[in-house]
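The values are calculated or read from the model by the stated rules, or taken from the named source; none is laboratory data. Please read all numbers here as calculations on a predicted model, not as lab measurements. Cβ: placed from backbone, ideal geometry, glycine included. Neighbour counts: every protein chain shown. When the accessible area is computed, the model is the full protein with side chains, heavy atoms only, and any ligands, DNA or RNA have been set aside. Shrake-Rupley method; radii C 1.70, N 1.55, O 1.52, S 1.80 Å.
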Amino acid sequence: MTKSDAFHVYDTTLRDGAQREGISYSVNDKLAVARLLDEYGVDFIEGGWPGAMPKDTEFFEKARATPFQNAQLVAFGATRKAGVKVEQDAQVQALIDSEAPVITLVAKSDLRHVRQALKTTGAENLDMVSETVSYLVSQGRRVFVDLEHFFDGHKTDPDYAVSVVNAAYEAGASVAVLCDTNGGMLPTGIERIIGEVGLRSGARLGIHCQDDTACAVANTLAAVEAGVTHVQCTANGYGERTGNADLFAVVANLQLKMGINCIAAESLSETYRVSHAIAEIANITPDTHQAYAGVSSFAHKAGLHASALKINANLYNHIDPVSVGNIQRVLVTEMAGRASVELKGKELGLDLGRTPEVVSAVVNRVKDLEAQGWSFEAADASFELLVREQQGAERKFAVESWRTIVEQREDGKVVSEATVKVNANGERLVSTGEGNGPVNALDNALRNAISQLFPELGRLELTDYKVRILEGIKGTGAITRVLLETTDGEREWTTIGVHENVIAASWQALDDAVHYGLVRGSG
């Protein structure tokens with residue numbers, strides 16, 4: 001696919017993003033992320049630093065066999081060392097050996113760094129930049145230059161900072177990337193300095209922002225407003241310290257707010273999927289409140305909002321969530337009004353528009369329960385069961401009683417046992433079960449009791465269990481809230497239980513989980 005070179009989306013998740021604390025990509029992980037980024041439609045994927053990192057050298061070797069449809073692979077490295085001929089610099093040669101068609105060089109643009117970190121002169125640093133760029137261009141490579149600490153350097157000595165830009169440009173670099181390496185800039189400063197550089201240089205400019213002031217995305221957009229046509233970002237804003245400019249927020253803002261068609265519209269609609277897939281590979285829990293890609297990006301809680309949404313969804317959504325592959329969600333909480341409940345019911349496939357008395361009952365019941373510590377925001381399954389009960393639906397089985405025993409045996413082994421008594425289909429059923437904990441034992445006992453009547457329960461599996469202690473709800477002592485996630489192999493749902501006793505709260509969530517599986521015909 002041939003793409004216009006007028007605007008670049010450059011991703012550095014595999015290098016800058018990998019510097020986030022807690023992330024460690026394997027070579028196969030990096031290949032998987034690169035494929036996702038290519039699917040998303042970025043123009044350039046920076047794969048790492050061959051020659052300096054063995055893992056990155058291996059990545060480039062394996063990536064040669066990977067066909068990219070949208071992106072070009074980029075190798076990252078440094079200019080030649082001070083006092084070394086560029087042809088003899090092993091690190092520069094490793095960049096060529098990577099066979100990447102594009103190379104990004106990091107260069108010092110702050111005279112303080114030149115003298116204190118590189119321990120050389122300003123003139124030698126300019127030679128290092130121009131000679132390395134010229135050499136790589138002569139080898140048939142396209143070259144970008146990341147001007148490290150550019151904005152700090154410009155504040156200290158603007159003439160020298162601009163001279164490095166011009167050295168890279170005159171040597172043949174396609175883009176001179178202005179880097180806010182310390183992440184300390186604000187949008188107004190970014191825009192002003194880029195405007196000044198643009199008047200003093202003919203170079204094509206790029207931007208690379210860290211997020212230490214929580215302004216990386218805003219700074220990137222301000223740079224584009226100032227004339228930059230090359231943006232460097234990382235998926236989900238991953239990066240060292242507080243991270244980098246978030247690729248997905250930058251692209252969505254450029255596309256939907258600024259009218260710059262930097263990726264295809266069908267690729268933009270993959271934002272949610274790609275963001276979450278990369279989070280899974282990185283083993284990082286997705287940020288629920290991430291702009292555009294978070295599950296809460298278009299979640300509405302206040303009853304007033306829901307009333308407006310019922311009339312026109314655009315009144316409270318700044319874009320159509322579908323354009324980035326996301327969905328609108330209505331949260332039912334103590335703040336909910338009738339419109340919230342009706343919209344949530346519609347979202348769950350329940351038509352409440354013709355039963356105002358049910359809506360009123362649900363609203364009152366939700367407010368009463370939330371005052372006791374319940375929260376239906378993350379427990380759609382429990383909320384649906386509550387609505388169905390207000391509509392007159394009966395439970396598939398009725399619980400007479402349950403109990404659990406936890407025993408530490410002589411050999412030190414701890415065993416949990418539970419007994420459950422239920423009534424279903426006119427029968428009284430009593431069963432026991434053992435487990436590695438009281439909740440697991442209750443689950444086994446309940447299934448043992450009713451599995452003959454409901455064989456479809458065999459496919460249900462508890463996948464997550466969260467406990468939170470709520471202090472001082474309505475002047476009482478500690479209240480325990482339990483969220484239980486369940487799957488039938490095809491769908492997942494979450495149920496809730498609240499009680500002073502953690503096992504009782506767990507039972508409530510478990511009871512709902514099994515009932516919901518039966519209501520939804522799981523099996």
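Give the accessible surface of region 104-144 per residue, rounded to a whole number of Å², with probe radius 1.4 Å and ligands, DNA and RNA excluded. Kindly include the intermediate steps, with their values, before the conclusion.
On the way: 1760 Å² over 41 residues.
Ligands and nucleic acids excluded, the result is 43 Å² per residue.
Which residues does the label zone of Ala264 cover in region 32-49, counting backbone N under 19 Å from a point 7 Å along Cα→Cβ?
Answer for region 32-49: 34-45.
Just the number please: accessible area per residue for region 385-519, 1.4 Å probe, all protein chains included, in Å². Numbers along the way, then the final one.
Working: 7200 Å² over 135 residues.
Here the per-residue accessible area is 53 Å².
Determine the sum of side-chain charges near Asp29: Lys and Arg each +1, Asp and Glu each -1, restricted to other residues whose C-beta is under 14 angstrom from that of Asp29. Intermediate values should be presented prior to the final figure.
Working: positive: Arg15, Arg20, Lys30, Arg35, Lys55, Lys62; negative: Asp56, Glu58, Glu280.
Taking every Cβ under 14 Å from that of Asp29, the sum is +3.
Rounded to a whole number, what is D in µm²/s for region 138-245 from Stokes-Einstein with the Kirkwood radius over alpha-carbon pairs (4 °C, 1.567 mPa s)? Please list the in-between numbers first.
Values: Rh = 13.7 Å.
For these conditions, the coefficient is 95 µm²/s.
Calculated FRET efficiency, Glu99 and Val467, Cβ-Cβ r, R0 45 Å, to nearest 0.05? Display every interim value, and only then the final one.
On the way: r = 52 Å, r/R0 = 1.16.
That pair, Glu99 with Val467, gives E of 0.30.
Among (1) 90, 61, 47; (2) 84, 53, 46; (3) 78, 58, 54, only one was calculated for this model; which label is it, if the read-out is Cα extents along the principal axes in Å?
Correct label, based on the coordinates given: (1).
Using only alpha carbon pairs under 8 Å that are at least six residues apart, calculate the relative contact order of the chain and give it in whole percent. Intermediate results must be reported in sequence, preceding the final value.
Numbers: 1074 pairs, mean separation 46.0, N = 523.
Averaging sequence separation for qualifying contacts and normalising by length gives 9 percent for the chain.
Could you state the accessible area per residue of region 229-289 in Å², with a 1.4 Å probe and every protein chain left in place? Walk me through the intermediate numbers first.
Values: 2330 Å² over 61 residues.
Value returned for region 229-289: 38 Å² of accessible area per residue.
For Glu456 and Glu170 in one chain, what is 0.36 nm times their gap in residues minus the Cα-Cα distance, to one decimal in nm? Don't skip to the answer; put the middle values down first.
On the way: separation 286, 0.36 × 286 = 102.96 nm, distance 7.13 nm.
Answer, rounded to one decimal: 95.8 nm.
For the chain, what is the percent of antiparallel DSSP beta bridges, rounded to the nearest 5?
Details: 37 of 73 bridges.
The answer is about 50 percent antiparallel.
Under a plain spin-label model, where a point goes 7 Å from the Cα along Cα-to-Cβ, how far apart in nm are His318 and Glu124?
Going by the 7 Å Cα→Cβ label model, 4.9 nm.
Tell me, in nm to one decimal, what length is gained between Val430 and Thr66 on full extension, where the rule is 0.36 nm per residue of separation less the Cα-Cα distance?
Result for the pair: 125.2 nm of gain on full extension.
Between Arg241 and Val414, take the C-beta separation as r, use R0 = 41 Å, and let me know the FRET efficiency to the nearest 0.05. Write down the numbers at each step before the final one.
Values: r = 43 Å, r/R0 = 1.05.
Step by step, r from the Cβ atoms, then E = 0.45.
Got a number for the accessible area of His276? Probe 1.4 Å, square angstrom, nearest 10.
Around 40 Å² of this residue is reachable by solvent.
How large a share of the accessible area of the chain, in percent, is made up of carbon and sulfur atoms when the probe is 1.4 Å and the other protein chains stay in place? Mind showing how you got there, number by number?
On the way: 10980 of 22880 Å².
The nonpolar share, carbon plus sulfur, comes to 48 percent.
Can you give the net charge of the other residues whose Cβ lies under 12 Å from the Cβ of Ala216, counting K and R as +1 and D and E as -1? Display every interim value, and only then the final one.
Values: positive: Arg241; negative: Asp16, Asp180, Asp211, Asp212, Asp246.
Taking every Cβ under 12 Å from that of Ala216, the sum is -4.
Anything over 23 Å Cα to Cα? Flag those among Lys30/Lys119; Lys396/Lys421; Lys30/Lys257, in the order listed.
On the way: Lys30/Lys119 34 Å; Lys396/Lys421 14 Å; Lys30/Lys257 31 Å.
With Cα atoms farther than 23 Å apart: Lys30/Lys119; Lys30/Lys257.
Quick one: grab the alpha carbon gyration tensor of region 366-523, order the square roots of its eigenvalues as a ≥ b ≥ c, and give me rounded if a/c is under 1.5, else prolate or oblate depending on whether a/b is larger than b/c. Kindly include the intermediate steps, with their values, before the conclusion.
Values: a/c = 1.61, a/b = 1.06, b/c = 1.52.
Oblate, because a/c is 1.5 or more while a/b does not exceed b/c.
Based on DSSP, what percent of beta bridges with both residues in region 112-259 are antiparallel, to the nearest 5? Don't jump to the answer; show the numbers that get you there.
Numbers: 1 of 13 bridges.
Here the antiparallel bridges make up roughly 10 percent for region 112-259.
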